[in-house]
Structure formats: C-alpha cells, structure tokens
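Q: First the structure, which I've put down as structure tokens, then a few questions once you've had a look.
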Amino acid sequence: MLTGRRLVVDSSRTLRSLRFSSTSATSDKYKIVVVGAGSGGLSVANQIYDRFAAAGKSLNPGDIAIIDSAEYHYYQPGWTLVGSGLRSKSTTRQPLESLIPKHLTHISENVKTFFPESSSITTTSGRSVSYDALVVATGLQTNWSGIQGLPQALVDSSSGVSSIYSYDTCDKVWNDIESLRNGNAIFTQPAGVVKCAGAPQKIMWMALDRFKRTSRADKIKVNFYTGMPTMFSVKKYSDVLDRLRQERGVGGYFQHNLISIDSPNHKATFKKADGTTVDVDYTTLHVTPPMGPLDFLKGSPIVDSAGWVSVDPATLQHTKPEYSNIFALGDCSSAPTSKTATAVIAQAPVLTENLFSVMDTGKVSTAKYDGYTSCPLLTGYGELLLAEFKYGLEPKETFPWMDQSKPNRFFYHLKKDLFPVAYWNLMVKGKWYGNKTIFRPSFSS
C-alpha cells in the first residue's frame, strides 16, 4: 500500500513530489481520475490499477474514478464489419456499467470544466471532483452537422446516404449496399482528422467486392471522393491502394471535400482545392463526416490551439510543467499519429508507466511512445492490407516477412475474428497489448 502521498506544487507550479492520503469510493477526492470510458479510458484505468499492484503498492478499491455518463460502450472498429454484412451491430456494444470492475468508481456524469491549477474538475451537474493525477481519454467529436443536409439524409431511409461512423447508421450501410442495383456509388473522406483514416475506403472496397460477387459490378460505378491528396498518408501503402483503385476501376477524386447533400435530388456538392465546387449525382452515398476535438475541451486550459489535450508525444504527459500530473491518450490527445484503437493499445502501457513513476518518484520513467498505430485495411472479402506505422509516417510492421504491402487472408481473419474477441475479453480489461498479445511491455529503469 502506498503511504500517505499528495501532490505538492511550488510557487512556479513545478512538480516536486507526490504524497497522497487514502480515499474512499464515496469521496469526491480520488488519487486518479480518468475522464472517458471508451477504449482508452477503460484500458488505462485497469492498467494503472494493475501496475500499482504489481509494484506491491496496491491502491484501495475506489481510489481510481472513471467519469462518463454513457449508457453503452461501443466497439467502433466493428462498425465496418456491420456495414459489410459480417456482423450484427448488437455485437458491437455492451452496457458500460458491466465493463467497469468493482474496484473502480464509476461517476456517471460528464465533465464540464477543468481546473488544473487546483487539480480538480466540475461535472455538468456542478459536482466538484479533485484528483492527484488525471488521465483525459475523452475521444473526439463527430461533426455530423458539418455537412449541410447530412443529418436529415441519414434518417431518411430513401436517401441512399449512410455512414459506418455511428451505431445508429452502420446497419443502413449494408442495407444500401444490398439494395443498390445500378447507378453511382460514392464513398467520401474529409480533409483533416478522422478516426482510423483508412476506414472510409475499407467500406468502399467491401462494397465493390460485394457488387462483383453478386453480378452487379458492371452496372454500378464506384468512385472515391477524398479531401486528402492521396489514398493514404503513408506512401508505401498509398501506392498499393492507388494501384488497386486503378486496377479495379474505381474513380479517384482527390482534394474534393464534401460540403453539402441534397438528398431529395440525390446530389452531393464537393469543394475542390481551388475553392470551386462541383455537384455530383449519386445513387448511394457513404459519408465519412468531419471530426475534431470535443466542444467542452475547446478553450480549456489543458488543450492546445487546435483543441487537443497538449501532451509530450513520447511520454503522454502534459506539456506544461505546472500540469505535470495530467496525462492523455487516444483521439483527444495532441500526439501526432493516426487516431485508432491500436494507437490506444500502444499508448496505454506507456502512459501507465509514466503516471505510476510520477506518483511514486515525482518524475516520468524511461517509457516512450513512438507513435505506433495501425490501420487494418479491408480490401475485399477474405483479404486485408495491414498498415502499421509510427511517427514520421514510417512503417513499423509486425509481420515484415509476409510483405504487408500485399493484402492477404491471414490479416483479414485477424480483423474479422481475433480483434473483436480480444477487445471485449482483454483490451477493455487492460490485458491486451497488441502485437505483444497478453504480455505487458517492459521498460528499462
């Protein structure tokens, strides 16, 4: 058990030591507060608890609080499988309460304001919660209203418009793919940050393969409209995907950003790099909406000018010395890497080690995050291109001897069969470490 320790900050707000006293599950003071119970929040909360126990300094039940008002927790990578007809969407969610173990306190509210100077937050109900260390894992915001006409089109069963980016709409994707007999199938990707930047084209490849397998491909023209200049940010994989696009007859329209939808007339308007717009007729339209930082984070003292929680890209500790008891991971952080579940898997043990070290010794450990992330790119039924890379968009592959620039069936079954099982049974419990499976990474002292 850790002896009485609480955070001590001098007049220059520099961390000197950490001494904290015991807390209870009913207290509004916690040793560690985790904001957000998505994949990052659940995984890291459990890993932190286990890390203290492994060091022989076990925390008391209730010393860690998770703040999140959500009713359900979602396995979002599964929504592509739903849109491809490979899973029922009910398999992609579970009640959040059922995933939080008894030794973690669940505060079923949302955060309204951060007060890092006093190491506290307030919730939307006005409740004040203080902490010795804070982890922000809130995810990002999907801006459905960022495209004129999109919200209305998504709830209209006859609009032909769908998206894999929400639980409510992912099954509509499959319905639209199955009902299409001829015409124009358009798949979009916005400029800027999105969750798993490969997902917008994953569903396109799956739809195209489905059209071919059901003898409809010769009557359906598939086009990819993207706000980005290339198929993918990493050149090695982008070149492969662009070659596939050309070989399979998919139209490529780059630096075309979807700005509005006229669903009654089945027209989509795109803004080009030169500022001009073009109207395109569609029969079915799969939309990846623009995304960004959550509204409640914008303007907070803990975020950067873009609205992301400002952290050191290697340690995941806040960049301001006076906020050195704050950490962040996942989609809400400023770490310059692709926002994916695999990035969270790589970040969680690094954050855990550094938070533990700060609370135990007053300084971060040697644990460093190198930007590793992965995008399992479905390119058809029975095949997948496994893109893995780190900071600098440099490939960092787990199976280099298999030539990861070529889609194959083994990778496909990792995505379709292994990853969902590992997620629900291991990752949300803090027991999954990606390419290290169930073995926690070790860090030199």
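The values are calculated or read from the model by the stated rules, or taken from the named source; none is laboratory data. In this text the structure is predicted, and so the values were computed from the model without any measurement. Neighbour counts are summed over all protein chains in view; Cβ atoms, including those assigned to glycine, are modelled from backbone coordinates with ideal geometry. In case anyone asks, the SASA skips ligands and DNA or RNA and just uses the protein heavy atoms, side chains included. Shrake-Rupley method; radii C 1.70, N 1.55, O 1.52, S 1.80 Å.
Q: Rounding to the nearest 10 and keeping the result within 0 to 90°, find how far the Cα-based axis of helix 199-213 lies from the longest principal axis of the chain.
A: 40 degrees
Q: Okay, next question. Specify the residue with the greatest mean-square fluctuation among 214, 342, 113, computed from a Gaussian network of the chain linking alpha-carbon atoms under 10 Å apart.
A: Answer for the Gaussian network model of the chain: 214.
Q: Residue 320 versus residue 88, label points 7 Å from Cα toward the beta carbon: distance in nm?
A: Computed distance between label sites residue 320 and residue 88 equals 4.9 nm.
Q: Separation of the range 291-316 and the range 63-94 by C-alpha centroid, Å?
A: 24 Å
Q: If DNA, RNA and ligands are ignored and the probe is 1.4 Å, what is the ranking of 427, 402 by accessible area, most exposed first?
A: Details: 427 5, 402 70 Å².
Correct descending sequence by accessible area is 402, 427.
Q: Measuring from a point 7 Å past the Cα of residue 124 along Cα-to-C-beta, which residues in the range 70-84 have an amide N at less than 14 Å?
A: 70-72
Q: In whole Å, how far is the Cα centre of the range 210-249 from that of the range 337-371?
A: Taking the Cα centre of the range 337-371 as reference, the centre of the range 210-249 is 36 Å away.
Q: Please give the net charge around residue 150, taking every other residue with its beta carbon less than 12 angstrom from that of residue 150, where Lys and Arg add +1 and Asp and Glu add -1.
A: Working: positive: none; negative: 156, 262.
The answer is -2.
Q: Quick check: at a probe of 1.4 Å, how many percent of the accessible area of the range 364-424 sits on carbon and sulfur atoms?
A: Values: 1570 of 2490 Å².
Reported share for carbon and sulfur atoms: 63 percent.
Q: Let me ask you something else. Rolling a 1.4 angstrom probe over the protein heavy atoms, how many square angstrom per residue are accessible across the chain?
A: For the chain, the per-residue accessible area is 40 Å².
Q: Do you know the relative contact order of the chain, to the nearest whole percent, from alpha carbon pairs under 8 angstrom that are 6+ apart? Show your work: numbers first, answer last.
A: Numbers: 998 pairs, mean separation 76.0, N = 445.
Result for the chain is 17 percent.
Q: Collect residues whose amide H, placed 1.01 Å from N in the peptide plane, falls under 5 Å from the amide H of residue 30; neighbours closer than 5 in sequence don't count.
A: For residue 30, the qualifying residues are 130, 131, 132.
Q: State which entries of 221/390; 172/212; 320/390; 202/236 exceed 28 angstrom in Cα-Cα distance in the structure shown.
A: Numbers: 221/390 35 Å; 172/212 20 Å; 320/390 24 Å; 202/236 17 Å.
In this structure, 221/390 exceed 28 Å between Cα atoms.
Q: What are the radius of gyration and Dmax of the range 344-408, computed over its Cα atoms and given in Å?
A: 16.1, 51
Q: Under 13 Å from the Cβ of residue 331, count the other residues' Cβ atoms, weight Lys and Arg +1, Asp and Glu -1, and hand me the total. Show your work: numbers first, answer last.
A: Numbers: positive: 195, 339; negative: none.
Once all neighbours under 13 Å are counted, the net charge is +2.
Q: Additional query: Report the Cα-based extents of the range 318-445 along its three principal axes, largest first, to the nearest Å.
A: Taking max minus min along each principal axis of the Cα atoms, the range 318-445 gives 50, 31, 27 Å.
Q: Full-extension gain between residue 438 and residue 145, please, as 0.36 nm times their residue separation minus the C-alpha to C-alpha distance. The partial results should precede the final answer.
A: Details: separation 293, 0.36 × 293 = 105.48 nm, distance 4.03 nm.
Value of the extension gain: 101.4 nm.
Q: Once R0 is set to 35 Å, what does the formula 1/(1 + (r/R0)^6) return for the Cβ-Cβ distance between residue 191 and residue 429, expressed as a FRET efficiency to the nearest 0.05?
A: 0.45
Q: Principal axis lengths of the range 67-156 from Cα atoms, whole Å, largest first?
A: 48, 36, 19
Q: A follow-up question, please. Sort 275-287, 323-335, 373-385 by packing, meaning the average of other beta carbons within 10 Å per residue, with the highest value first.
A: Details: 275-287: 17.1, 323-335: 26.3, 373-385: 22.0.
Output ranking for 275-287, 323-335, 373-385: 323-335, 373-385, 275-287.
Q: At a Förster distance of 35 Å, what's the computed FRET efficiency of residue 295 paired with residue 179, Cβ-Cβ distance as r, to 0.05? If you can, show how the numbers build up before the last one.
A: Values: r = 36 Å, r/R0 = 1.02.
The pair residue 295/residue 179 has a calculated efficiency of 0.45.
Q: Where both partners of a DSSP beta bridge lie in the chain, what percent of those bridges are antiparallel, to the nearest 5? Walk me through the numbers on the way to the answer.
A: Working: 41 of 78 bridges.
Here the share of antiparallel DSSP bridges comes out near 55 percent.
Q: Further question on the same structure: Please say if the range 132-240 is rounded, prolate or oblate, where rounded means a/c under 1.5 for a ≥ b ≥ c the square roots of the C-alpha gyration tensor eigenvalues, and otherwise the choice is prolate for a/b larger than b/c and oblate otherwise?
A: Values: a/c = 2.13, a/b = 1.39, b/c = 1.54.
Oblate.
Q: While we're here: Could you work out how far apart the two model spin labels at residue 243 and residue 398 are, taking each label as a point 7 Å from the Cα in the direction of the beta carbon, and quote it in nm?
A: Rounded to a tenth, the inter-label distance reads 2.4 nm.
Q: For the range 72-215, what does the alpha-carbon gyration tensor say about shape, rounded, prolate or oblate, given a ≥ b ≥ c as the root eigenvalues, a/c under 1.5 as rounded, and a/b over b/c as prolate?
A: Values: a/c = 2.79, a/b = 2.14, b/c = 1.30.
Taking the square roots of the gyration eigenvalues as a ≥ b ≥ c, the range 72-215 is prolate.
Q: Do any chymotrypsin sites (Phe, Trp or Tyr not before Pro) in the range 64-117 lie in a loop, going by DSSP, with at most 10 other beta-carbon atoms within 10 Å of their beta carbon, and if so which?
A: For chymotrypsin sites (Phe, Trp or Tyr not before Pro) across the range 64-117 that sit outside H, G, I, E and B with at most 10 neighbouring Cβ atoms in 10 Å, the list is empty.
Q: Right, another one. So if each residue of separation counts as 0.36 nm, and I subtract the Cα-Cα distance between residue 53 and residue 233, what length gain in nm does that give? Working shown, then result.
A: Values: separation 180, 0.36 × 180 = 64.80 nm, distance 4.03 nm.
Extra length available between residue 53 and residue 233 comes to 60.8 nm.
Q: Points 7 angstrom from Cα along the Cβ direction at residue 265 and residue 417: gap in nanometres?
A: 5.0 nm
Q: To continue, here is another question. Roughly what % of Cα-Cα distances in the range 256-382 sit above 19 Å, to the whole percent?
A: Numbers: 5008 of 8001 pairs.
Summing the P(r) of the range 256-382 above 19 Å gives 63 percent of all pairs.
Q: Related question: Send over the Kirkwood Rh of the chain, from the inverse of the averaged 1/r over different Cα pairs, rounded to one decimal Å. Intermediate values should be presented prior to the final figure.
A: On the way: mean 1/r = 0.0440 Å⁻¹.
When all Cα pairs of the chain are included, the Kirkwood radius is 22.7 Å.
Q: So if each residue of separation counts as 0.36 nm, and I subtract the Cα-Cα distance between residue 306 and residue 219, what length gain in nm does that give?
A: 26.9 nm is the gain from fully extending residue 306 to residue 219.
Q: Something else about it: Of all DSSP beta bridges located in the range 44-181, what percent are antiparallel, nearest 5?
A: Bridges in the range 44-181 that DSSP calls antiparallel: roughly 70 percent.
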